Amino acid sequence: MIINHPLLGPRDSAEFVYLGTSNLMDRPDPETATPEDWHDYAYLRDNPAGPHRELWFHEGGDRSILIVTRDTTTHEISSVELARNPGAQV
């Protein structure tokens, strides 16, 4: 699978590490989160069939984190963007 890095161009997916769904960037607020909120954040994941926004870490390159929109049934990538503000909602 080829990931078209926004800064470096096309790269083989072997240079990257899959980090999970992009909503992992939406951490619970430590001031108000309940233990159930943290449990859901840490352990509950969707397993969608179709387009899905994912985090990919460019370990074998510039060490950037990308948000990749990929169809989980075909592996076709429709968009790639830098995850510029990890604390912001995606």
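Go over the candidates ARG53, ARG63 one by one and state the one that is among the basic types (Lys, Arg) and surrounded by 11 or more Cβ atoms within 10 Å (Cβ to Cβ). If you could, list the steps in order and put the result at the bottom.
Numbers: ARG63 fails: surrounded by 11 or more Cβ atoms within 10 Å (Cβ to Cβ).
Result: ARG53 is the single residue among ARG53, ARG63 that is among the basic types (Lys, Arg) and surrounded by 11 or more Cβ atoms within 10 Å (Cβ to Cβ).
Only one of these conditions is not met by ALA42: (1) in a loop (DSSP other than H, G, I, E, B); (2) closer than 30 Å to GLU76 by Cβ; (3) aliphatic (A, V, I, L, M); (4) without any contact (Cβ under 8 Å) to a residue 24 or more places away in the chain. Which number is it?
(1)
Of (1) surrounded by 11 or more Cβ atoms within 10 Å (Cβ to Cβ); (2) at pLDDT 95 or above, ASN23 satisfies all except one. Which?
It fails just one condition, (2).
Sort out which residues of segment 1-25 are over 11 Å from the mean Cα position of the chain (by Cα) and in a helix (DSSP H, G or I), and write them in order of number.
SER13, ALA14, GLU15
Being exposed (fewer than 12 other Cβ atoms within 10 Å of the Cβ), outside any loop (DSSP other than H, G, I, E, B) and among the charged types (D, E, K, R) is the filter here; which residues of segment 26-39 pass it?
Correct list: GLU36 only.
Picking from ALA49, ALA83, ALA33, which residue would you name as being over 21 Å from ILE3 (Cβ atoms) and either over 13 Å from the mean Cα position of the chain (by Cα) or at pLDDT below 95 (or both)? Spell out how you get there, then give the answer.
Values: ALA49 fails: over 21 Å from ILE3 (Cβ atoms); ALA83 fails: over 21 Å from ILE3 (Cβ atoms).
Testing whether each residue is over 21 Å from ILE3 (Cβ atoms) and either over 13 Å from the mean Cα position of the chain (by Cα) or at pLDDT below 95 (or both) leaves just ALA33.
Residues of segment 65-76 being outside any strand (DSSP E or B), within 13 Å of ILE3 (Cα to Cα) and in contact with a strand residue (DSSP E or B) (Cβ under 8 Å, 6 or more places away or on another chain), which ones? Let's see the steps before the verdict.
Looking only at segment 65-76, we keep the residues that are outside any strand (DSSP E or B), and these are 72-76.
Filter again for within 13 Å of ILE3 (Cα to Cα), leaving 75-76.
Residue satisfying the conditions is GLU76 alone.
What pairs can you find where one residue is in segment 6-33 and touching a residue at least 60 places away in the same chain (Cβ under 8 Å) and within 17 Å of SER78 (Cα to Cα), the other is of a type in the set (Gly, Ala, Ser) and surrounded by 13 or more Cβ atoms within 10 Å (Cβ to Cβ), and their Cβ atoms are less than 8 Å apart, with a gap of 6+ or different chains?
Matching pairs, first to second residue: LEU7/SER64; SER22/ALA83.
The values are calculated or read from the model by the stated rules, or taken from the named source; none is laboratory data. Values in this document were obtained by computation on a predicted structure and should not be read as measured data. Cβ coordinates were reconstructed from backbone atoms using ideal geometry, including for glycine residues, and neighbour counts include every protein chain displayed.
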